[in-house]
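I have placed the structure first, in the form of structure tokens, so that the comments after it can refer back to it.
The values are calculated or read from the model by the stated rules, or taken from the named source; none is laboratory data. The shown structure was predicted, so the numbers you read here are calculated from the model rather than taken from an experiment. In this analysis, Cβ positions are derived from the backbone assuming ideal geometry, glycine residues included, and neighbour counts consider all displayed protein chains.
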Amino acid sequence: MPNDKYYHQKRHKEWAEKVLKRAGYLCEECKRYGRLDKDGQPVRATTAHHEKPRDKYPELQYVVSNGKALCEKCHNKKHPEKGGEHGHYWR
Ligand SMILES: [Zn+2]
Ligand SMILES: [Zn+2]
């Protein structure tokens, strides 16, 4: 298995795309709480988040069911320890 950065970026992008697509490109957290954006529309997801973190579960990093489609706001809440920053390639 190649271990170069480009390979992982590509795989991550494919994974993120599948996660977002599965959620219909809507934020799963906002949807769960019935939150809408300022125009009264469902909140769009911009980021695929790992439910189980990559550093602890590297074998799950490309598993679609370990992914969650989130908007920027909800995603930042998932990573308070990094002050809103996150270690994802995909934003
Ligand atoms: Zn959200
Ligand atoms: Zn995340």
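When Lys78, Lys73 are checked against the criterion of being basic (Lys, Arg) and over 28 Å from Asn3 (Cβ atoms), a single residue qualifies: Lys73. Condition (residue is more than 22 Å from Pro80 (Cα to Cα) and at pLDDT 95 or above) applied to the stretch 41-56: is it met by at least one residue? Yes, some residue in the stretch 41-56 is more than 22 Å from Pro80 (Cα to Cα) and at pLDDT 95 or above.
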